[in-house]
Amino acid sequence: MTIAAIGDLHVTENNIAPYHELFLEIAQSADVLLLCGDLTNFGRTREAEILAEDIRACPIPVLGVLGNHDYECGQPEKIAEILHDAGMTVLDEQAVEIDGVGFAGVKGFIGGFGRGELAPFGEPEIKAFVDVAVNEARKLENGLRSLRTDRAVAVLHYSPVVQTLEGEPIEIFQYLGSQRLADAIDRFDNVKAVVHGHAHHGSYEGRTLRGTPVYNCAQFVLREKFGRPYALIEV
Ligand SMILES: [Fe+2]
Ligand SMILES: [Fe+2]
């Protein structure tokens, strides 16, 4: 199966069919289209409706997750509903199977990596914050565990590894992802690829500790690497 992935679409209210042509182009070379979050610029209803039209016209299945920008107006459920009504499968704990390949996904969260991972210690505010990261990883693990396929793909917005952040300022790495997501992925041997977005200035390829390939599909990273804003990955 060939999957196409693109993240950080950042649709704004004055865009006119911004992804219509691109989705049609992608459908000629891919079987499934994965959207890696930041689908809207500010999480506004109108922005989601504009993208929904392009999703409706896309001839291949569209799956994906929301990003932090889709939360900005405090109505991520509404954004998810508009995109779902247009035919997109919004992954969040609930995994799906298409032609023998499983797809699980969550937005993910921040919190850092390795030695720099924020621990749930001390003030209740820190514990509540870490809880969010732990819960996103738990949902991803549950989704992956529910799949019975030989091949699975994990879809995220935040990064599970540091390699795909290379190019961003090192001071903000801990705000771009969470190692806990990679820990969840590494419990399974059927995950063939992980796609994420969010790190607009990061690098395309990395690996989890177990060796599972991770791709930063933020469209800005892909444009620079491939001269087109989407990745094509065989699984
Ligand atoms: Fe973004
Ligand atoms: Fe983001």
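The values are calculated or read from the model by the stated rules, or taken from the named source; none is laboratory data. Just so it is clear, the model here is predicted, and its values are computed rather than measured. Because the Cβ atoms are built from the backbone with ideal geometry, glycine has one as well, and the counts that use them run over all protein chains shown. What goes into the accessible areas is simple: the full protein's heavy atoms, side chains included, and nothing from ligands, DNA or RNA. Shrake-Rupley method; radii C 1.70, N 1.55, O 1.52, S 1.80 Å.
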### Query
Could you list, in sequence order, the residues of segment 163-187 that are over 25 Å from residue 120 (Cα atoms) and open to solvent by less than 30 Å² (accessible area, probe 1.4 Å)?
164, 168
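Hey, any hits in segment 39-61 for a residue that's of a type in the set (Asp, Glu) and buried (at least 20 other Cβ atoms within 10 Å of the Cβ)?
Keep residues of segment 39-61 that are of a type in the set (Asp, Glu), which gives 47, 49, 53-54.
Cutting the leftovers down to buried (at least 20 other Cβ atoms within 10 Å of the Cβ) gives us 47, 54.
The answer is yes; a qualifying residue exists.
Here's the yes/no breakdown for (1) closer than 17 Å to residue 201 by Cα; (2) over 17 Å from the mean Cα position of the chain (by Cα); (3) of a type in the set (Val, Ile, Thr):
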| position | (1), (2), (3) |
| --- | --- |
| 136 | no, no, no |
| 141 | no, no, no |
| 167 | yes, yes, no |
| 182 | no, no, no |
| 187 | no, yes, no |
## Note on the structure
Scanning segment 140-157 for residues that are buried (at least 20 other Cβ atoms within 10 Å of the Cβ) and either in a strand (DSSP E or B) or free of Cβ contacts under 8 Å to residues at least 60 places away in the same chain (or both) gives 140, 141, 143, 144, 147, 152, 153, 154, 155
### Task
Only residues that are buried (at least 24 other Cβ atoms within 10 Å of the Cβ) and within 16 Å of ligand 1 (Cβ to nearest atom): list them for segment 188-200, please.
195, 196, 197, 198, 199
### Task
Enumerate the pairs (first residue in segment 77-89 and closer than 13 Å to residue 63 by Cα; second residue anywhere and open to solvent by 20 Å² or more (accessible area, probe 1.4 Å) and at pLDDT below 95) with beta-carbon separation below 9 Å, excluding pairs fewer than 6 apart on the same chain, so at least 6 apart or on different chains.
80/92
### Task
Find all pairs meeting these conditions: Cβ atoms under 7 angstrom apart; at least six residues apart or on different chains; first residue within segment 163-192 and farther than 15 Å from residue 142 by Cβ; second residue buried (at least 19 other Cβ atoms within 10 Å of the Cβ) and among the charged types (D, E, K, R).
176/168
### Message
Being open to solvent by 30 Å² or more (accessible area, probe 1.4 Å) and within 16 Å of ligand 2 (Cβ to nearest atom) is the filter here; which residues of segment 216-235 pass it?
### Response
220
### Filtered residues of segment 42-72 (kept if farther than 21 Å from residue 136 by Cα, touching a strand residue (DSSP E or B) at 6+ places or on another chain (Cβ under 7 Å), within 16 Å of ligand 1 (Cβ to nearest atom) and of a type in the set (A, V, I, L, M, F, W, C))
48, 51
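Identify, from the list 9, 22, the residue that is away from ligand 1 (no atom under 16 Å from the Cβ) and crowded, with 19+ Cβ neighbours inside 10 Å.
Values: 9 fails: away from ligand 1 (no atom under 16 Å from the Cβ).
Residue meeting the stated conditions: 22.
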